[in-house]
Amino acid sequence: MKLLAALVSLCVYFAVALAAGAGQAQTAAHPTETRTTHMTTDPALLHPETLNATAPDVYEVKFSTTKGDFVVKVTRAWAPIGADRFYNLVQHGFFTDAAFFRVVPDFIVQFGLSADPAVSRVWQGARIKDDKVTQSNRPGTLTFATAGPNTRTTQLFINFGNNTFLDSQGFSPFGTVTSGMDVVKQLYKGYGEKPDQGAITMQGKAYLDKSFPNLDRITSATIVAPAAGSAAPKP
C-alpha cells in the first residue's frame, strides 16, 4: 500500500507543475510569481524546440552538488527519446542551481525544475513521447517523471528503492548512477513533500531560497564522456 501511495503521489505531484505551466495556477498571491527573470547565461534554454541534438550511444554526466559529486551513465538504447532530452538539457546548463526539491526516503529523489522561472515555464509544454520500458526501476537508476502518457518534460528522479512496480506504469529508466550514490542518499530530506512545484515553476530559486533554504542543489552538470559536442543534430 505504501508503494501504491508513493506512485500516486509521484504522478499527482508532477501533474501540479504541468497545470501551473499551462496557466491554470490562478491563485498566485505575489507579483513575483509571474515576473520574468532570465538568470540563465544560455538563451537557447528559452527555445526548447531548437535543442534537438542526438545523444551519443553511451555518455556520462557528472553532477556537482552542495553535498558532493555523483556520476550518471546514460545508455541511449535503454530509452532513446529520454536520453536525447537529458543530453540537450545538460549541454545547455539547464540543471545549474536547480534543487533536489523532493526527497522521499526509500523511494526517490526528484529534481529538474530550473532555478530560472522563465526557463521552467517554457519547458512545461515541451513534452516528449514515451519510450518503451526496457530497464527496471532499480536502485540508482535515473528516470523521467511523468503525469501520464507522453507528458515527460524536464523532471527526473533517481530511485532509492527497488521500485520495479513503476515499470508497468511507463516509467522508463535511461541511466544509472555509477559513482557517488552515497552522496545522493545524503541529499537533504527534511522538507519531505512540502516544496510546491507550482511555486517553484513560477518563482524558481527565489521561492526555494526563502521557504526551503536547506535544500541541496546542483552546482553544475557536465558531460564528461565522451567529449561534449560530439553529437550531431537530428535530421
Residues satisfying the stated conditions in segment 138-150, i.e. surrounded by 15 or more Cβ atoms within 10 Å (Cβ to Cβ), touching a strand residue (DSSP E or B) at 6+ places or on another chain (Cβ under 9 Å) and farther than 17 Å from PHE86 by Cα: PRO139
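For segment 37-72, enumerate the residues that are part of a strand (DSSP E or B) and over 19 Å from PHE100 (Cα atoms).
If the condition is that a residue be part of a strand (DSSP E or B) and over 19 Å from PHE100 (Cα atoms), then ALA53, VAL58, TYR59, GLU60 are the ones that fit.
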Where PHE100 falls short, out of the listed (1) in contact with a Phe, Trp or Tyr (Cβ under 6 Å, 6 or more places away or on another chain); (2) on the phi > 0 side of the Ramachandran plot: (2)
Filter pass, VAL177 being touching a Gly at 6+ places or on another chain (Cβ under 8 Å), within 21 Å of ASP57 (Cα to Cα) and not acidic (Asp, Glu): yes
Residue selected from segment 180-228 under the condition touching a strand residue (DSSP E or B) at 6+ places or on another chain (Cβ under 6 Å), among the β-branched types (Val, Ile, Thr) and outside any strand (DSSP E or B), by the criterion farthest from GLY68 (Cα to Cα): VAL184
Residue tally, condition farther than 13 Å from THR154 by Cα, surrounded by fewer than 23 Cβ atoms within 10 Å (Cβ to Cβ) and of a type outside the set (S, T, N, Q), over segment 71-91: 6
Some residue of segment 110-127 being assigned to a strand (DSSP E or B), within 19 Å of GLN197 (Cβ to Cβ), touching a residue at least 60 places away in the same chain (Cβ under 8 Å) and not charged (D, E, K, R): yes
Any hit, segment 84-96, residues being more than 19 Å from THR219 (Cα to Cα) and in contact (Cβ under 8 Å) with a residue 12 or more places away in the chain: yes
Residue in segment 168-209 that is nearest to PHE95 (Cα to Cα), counting only those that are within 18 Å of the chain's Cα centre (by Cα) and of a type in the set (Asp, Glu): ASP196
Test set (1) of a type in the set (A, V, I, L, M, F, W, C); (2) within 29 Å of LYS189 (Cα to Cα); (3) modelled with pLDDT of 95 or more; (4) over 13 Å from the mean Cα position of the chain (by Cα) - PHE94 fails condition number: (4)
Cβ-Cβ under 7 Å pairs, at least 6 apart or on other chains, segment 42-59 side in contact (Cβ under 8 Å) with a residue 12 or more places away in the chain and of a type in the set (Phe, Trp, Tyr), far side part of a loop (DSSP other than H, G, I, E, B) and surrounded by 12 or more Cβ atoms within 10 Å (Cβ to Cβ): TYR59/PRO226
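The values are calculated or read from the model by the stated rules, or taken from the named source; none is laboratory data. Note that the structure is a prediction, hence the values are computed from the model and not measured. Don't worry about glycine lacking a Cβ; one is built from the backbone with ideal geometry, like all the others, and counts go over all protein chains shown.
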